[in-house]
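Data block below; observations after.
The values are calculated or read from the model by the stated rules, or taken from the named source; none is laboratory data. As the structure is a prediction and not an experimental result, all values here were calculated from the model. Because the Cβ atoms are built from the backbone with ideal geometry, glycine has one as well, and the counts that use them run over all protein chains shown. To get the accessible areas, we keep the full protein, side chains included, count just its heavy atoms, and leave off ligands, DNA and RNA. Shrake-Rupley method; radii C 1.70, N 1.55, O 1.52, S 1.80 Å.
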Amino acid sequence: METAAAFRLRAAPKLVTGVGVVHLVEMTVAGLLMVFVILPAIFSFSLLSPQFWQIYTRFYVTGLFGTFFYVALALPLSAVIGFLMGWARVSRIRIFAWPSSLYVNVFRGVPPLILVIFASLFGTSLIPQPILDRFLAGFRRGDIAVGIAAIAIGMHSSAYQAEIFRAGFQSVPKGQVEAAQALGLRPWQGMRHVILPQTFRLSLPPLSNEFAALIKDTSILAAISGVDLVAKSRDLLGILPASGLPIVWIFAVWTVVALTYFVITYAVTRGLRLLERKFHTPGLEGISL
Amino acid sequence: MIRVNDIQKHFGALHVLRGITFEVQKGEAIVIIGPSGSGKSTLLRCINLLVEPDSGQVFIDGVQVNRHGIRHEWVRQQVGMVFQSFNLFTHLTAIDNVTLGLTRVKGMPHDKAVQKARELLARVGLAVKENAYPAELSGGQQQRVAIARALAMDPKAMLFDEPTSALDPEYIREVLDVMTALAREGMTMIVVTHEMGFASNAASRILFMDAGKIVEEGTAEQIFQNPKEDRTRSFVSKILR
């Protein structure tokens, strides 16, 4: 017999929980500290020259937007490809499973730097001329090549994400499918209402790891002609007078780069963590993929 | 109501069902017993076509269901199934487990489905647990939700595949009570179980299966007290303790 006392009401899941608020505060404080305390302290040498600040800001902002742009290009695409490849890998249909397995093994097995080099050398020739003319006419060839290289980094990441989603699919017990069938749900309905929701919840935690890795991997684009934080910082140090450049400047510039990456990845993983909380389901957490 | 005619099933080299024939009348509750590996579960699964028989016919209400032109989804709406391991949808609350089939298979509006689900949960004694996730329920409660979920589709018959085998002893009673009530109300049921109490109380007939065949058939009294076949006798003596 159930008594009313034994029954506890489930509150609607809150997106921003108590812990979430603490972390938001943490992040804000860290950001303010960085801008108003750490940066001025690091650059106190150069405060004598207001010109330096102007130049520095210009380089930093350009680089930051570059990084954001590459992430925006690579990350959503990688998640979509990763999901589809992971799904295909568990498919019983051979013509889906086999190519996706090949895809995962190839893109996982090649270092992202090599992928980026290939993409920058031959990437533009993969795009049909009509598309280049119609949609990408406003861009320089070199920039298109970097864009393709960014997508290549996304594909490298998508191989790992495919494995995450595959594990997610495979950890949904077979009995769930049977129950869906026994109710009279059609196969696609069972997929849509039973398997996919569970796959997503199970895949979310390891996915945030992979997103953090992808964000940092975009820095590889600095090795070709990418315009990102790393590239702009390198260029900045290049135009500073080489003679008598205090080593501490070099250290400072790279520290800011490192901190920036840290803040971005921290924000993204934190955001996904909130999403995890929102979708919190008893019985579906604590399963490690 | 349900008629099974000379069903054969192989899993690879394994010959699981070797010509099964039996009939269940409307309102009858049948219990199937037998040693593990005798094909009881496979037989149940052949009836709602979770497993497709290699040969033989399955009839539900006079309609042969294992033939071309009959959708599996339609067959499964005719007969509800309850599993040994409950198989409640982990990501859905108790009430959402019950409404899913109503809204997605029957196309019922959400508010009507909720109303019906509440009635069913009340019927299995779980009205207060409608917002609990399966992981927050005991095994017995989960199995009762699973019964409500199957009943929601208004099935013509119910199949129970060892519904109490995965339960801790203290939860077996509550599930059997729901099943007994269901049998009393005239639900057509096929139950694979070794619960002798339920078999004696609620079953109109008992089938004893061994090695893919129905060895003996009779009332609870006949099977438990007076088995004709040696194999039945030796099995019954083991489970009656």
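With the Cα gyration tensor of the range B:125-186 giving a ≥ b ≥ c as the square roots of its eigenvalues, does the rule (a/c under 1.5 for rounded; else a/b larger than b/c for prolate; else oblate) give rounded, prolate or oblate? The shape class here is oblate. Residues in the range B:1-30 near a label at B:Q64, defined as backbone nitrogen under 12 Å from the 7 Å Cα→Cβ point? Answer for the range B:1-30: B:5-6.
Taking amide hydrogens as placed 1.01 Å from N in the peptide plane, the amide H of B:D54 sits under 5 Å from those of B:Q8, B:K9, B:H10, each at least 5 positions away in sequence or on another chain.
Each part gets one Cα centre, and for the range B:133-201 versus the range B:210-241 those centres are 23 Å apart.
How shielded is A:170-182 by partner chains, expressed as the average number of their Cβ atoms within 10 Å of its Cβ atoms?
Whole-number average of other-chain Cβ neighbours for A:170-182 is 6.
From the Cα gyration tensor of the range B:55-200, with a ≥ b ≥ c the square roots of its eigenvalues, which class applies: rounded if a/c is under 1.5, or else prolate if a/b is larger than b/c, or else oblate? Note, shape of the range B:55-200 comes out oblate. Here's how it looks for B:F160: its modeled amide H is under 5 Å from those of B:V82, B:I190, B:V191, B:V192, which are all 5 or more places away or on a different chain.
Once you sort the root eigenvalues of the Cα gyration tensor of the range B:73-117 as a ≥ b ≥ c, which label holds: rounded (a/c under 1.5), prolate (a/b larger than b/c) or oblate (the other case)? Since a/c reaches 1.5 but b/c is at least a/b, the shape of the range B:73-117 is classed as oblate. Note on A:T57 and B:A13: their simple-model spin labels are 8.0 nm apart, each label 7 Å out from Cα toward Cβ.
A Förster radius of 35 Å combined with the Cβ-Cβ distance from B:D154 to A:S171 puts the calculated FRET efficiency at roughly 0.60. Inter-chain Cβ neighbour count for B:89-97, averaged per residue, equals 6 (cutoff 10 Å, partner chain atoms only).
D by Stokes-Einstein for the protein assembly as shown, Kirkwood Rh over Cα pairs, 20 °C, 1.002 mPa s: 77 µm²/s. Normalised by 2.2 N^0.38 Å, where N counts its residues, the alpha-carbon radius of gyration of the range B:136-241 equals 1.13. Heavy-atom surface analysis with a 1.4 Å probe gives the protein assembly as shown a carbon and sulfur content of 61 percent of its accessible area. With 0.36 nm allotted per residue and the present C-alpha distance subtracted, the A:V110-A:E276 stretch has 56.6 nm of extension available. For B:A29, the residues whose modelled amide H falls within less than 5 Å of its own, excluding neighbours fewer than 5 places apart on the same chain, are B:M189, B:S204, B:R205.
Across the range A:267-279, computed HN-Hα scalar couplings (Karplus, 6.51 cos²θ - 1.76 cosθ + 1.60, θ = phi - 60°) run 4, 5, 5, 5, x, 5, 5, 4, 4, 4, 5, 4, 8 Hz from first to last residue, x flagging Gly and Pro. Shielding value for B:130-138 is 4, the average number of Cβ atoms from other chains within 10 Å of each residue's Cβ. The phi torsions of the range B:215-230, fed into the Karplus equation with coefficients 6.51, -1.76 and 1.60 and a -60° offset, translate into couplings of 8, 8, 9, x, 6, 4, 4, 4, 5, 7, 9, 10, x, 7, 8, 4 Hz, rounded to whole numbers, with Gly and Pro shown as x. Take the Cβ atoms of A:A267 and B:S138, set R0 to 30 Å, and the FRET efficiency comes out at 0.15. Residue-wise HN-Hα couplings along the range B:197-202, as the Karplus relation 6.51 cos²θ - 1.76 cosθ + 1.60 with θ = phi - 60° gives them from phi, are x, 4, 4, 5, 6, 10 Hz; Gly and Pro carry x.
Rolling a 1.4 Å probe across the protein heavy atoms gives the protein assembly as shown an accessible surface of 49 Å² per residue.
Computed from the alpha carbon atoms alone, the convex hull of the range B:1-104 holds 140 Å³ per residue.
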